[in-house]
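Following: one structure in structure tokens, then a few remarks.
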Amino acid sequence: MVSQSTIPVTVLTGYLGAGKTTLLNRILSENHGRKYAVIVNEFGETGIDNDLIVDADEEVFEMNNGCICCTVRGDLIRIIEGLMKRKGAFDAIIIETTGLADPAPVAQTFFVDDDVRSRASLDAIVTVVDARHVSARLDDSHEAEEQIAFADVILLNKTDLVTEQALEEVRQRVRAINGHARLHETQNCVVPLEEVLERGAFDLERILEIEPNFLSEDDHEHDDAITSVSLFSDAPIRPELFMPWLRKLTAEQGQDILRLKGVLAFAGEDQRYVVQGVHMLLDGDHQRDWKAGEERVSRMVFIGRNLDKMALREGFDACAARRAA
């Protein structure tokens, strides 16, 4: 169990598009009376997850351009150490990792850094799994398997998008990797938050059975074929051009697009439009009004394989109002 003298930390992980931000938004939106400090890590030079998180009193610290377990791990330690100096300002910490992160080195931080270990305790690793795409990801991604293996709590999400037979196959595959974690089957990550947060579920002995070198500083591997492309426009985007372009793009290249997400300023509209996608599945809606003084710019991030950065940039730019005849 977590020591009462330390701050509990929940590591929220899961492959690209599984639903981590959806779960985080649920945590921040519910009336639970708890105050959380949130650390968000993204893969790519431009951060967008911070803009997808609902407005809340919680403080969000964003780290970009690297896996949380590699190039920005020092930033993670510094942020946690800074948070520890503000004792009483929050009840717990949530770390949302990039979908490409191996959770082991993230968890390792709370054991190998003496200052962090003395002030914060790893409460649980919560892994969100996309029921529709996890089988393919387990075939081509070491990180997807690691995220399930190290989980204390697993949310088998998007169960409404698969047949019962396919769901049973996914259950068996997940259980074959990790039969110890508490498994919840969800749609839109709807689960009682007491099943996810401050459970004192992390079991170091079990992790050492999986990864004997867990407490060492061993490096880990990434799929170098996966890259990110960040797009930006300070001109309003024309929805009548943007939506057909995006639908055509995902229809033709969806197998290579692991994840896409964007916050868009549509021409003539006073609300931000948020779009997210996994492979050929797209979801978008108006999120909220643009705030007074908020810069109305559009940003998109694509993560995947064989991404043509120039073509994506040209296609996105062609949707801007300034390009209209």
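The values are calculated or read from the model by the stated rules, or taken from the named source; none is laboratory data. These figures come from a predicted structure and were not determined experimentally. Cβ coordinates were reconstructed from backbone atoms using ideal geometry, including for glycine residues, and neighbour counts include every protein chain displayed. Please note that ligands, DNA and RNA were not included when accessible areas were found on the heavy atoms of the full protein model with its side chains. Shrake-Rupley method; radii C 1.70, N 1.55, O 1.52, S 1.80 Å.
Between the alpha-carbon centres of the range 267-324 and the range 94-159 there is a gap of 28 Å.
Think of a 1.4 Å ball rolled over the protein heavy atoms: the range 138-207 then has 48 Å² of accessible area per residue. Placing unit charges on the Cβ atoms only, positive for Lys and Arg and negative for Asp and Glu, gives the range 120-174 a dipole magnitude near 120 debye about its Cα centre.
Put simply, the convex hull of the Cα atoms in the range 223-298 casts, on average, a shadow of 5.6 nm². Measuring against 25 Å, Cα to Cα, the residue pairs Lys248/Lys309; Lys158/Lys261; Lys158/Lys309; Lys158/Lys291; Lys85/Lys291 contain Lys158/Lys309; Lys158/Lys291; Lys85/Lys291 as the ones spanning a longer distance.
Potential lengthening of the chain between Glu252 and Thr163 amounts to 29.6 nm, from the contour at 0.36 nm per residue minus the alpha-carbon distance. At a 1.4 Å probe radius, carbon and sulfur cover how many percent of the accessible area of the range 69-182? That share works out to 45 percent.
Only one residue of Thr127, Ala166, Gly88 has its Cα farthest out toward the positive end of the dipole of the range 71-181, where Lys and Arg carry +1 and Asp and Glu -1 on Cβ, and that residue is Gly88.
With a ≥ b ≥ c taken as the square roots of the eigenvalues of the C-alpha gyration tensor of the range 122-209, please select rounded if a/c is under 1.5 and otherwise prolate if a/b is larger than b/c or oblate if it is not? It is oblate, given that a/c is not under 1.5 and a/b is not larger than b/c.
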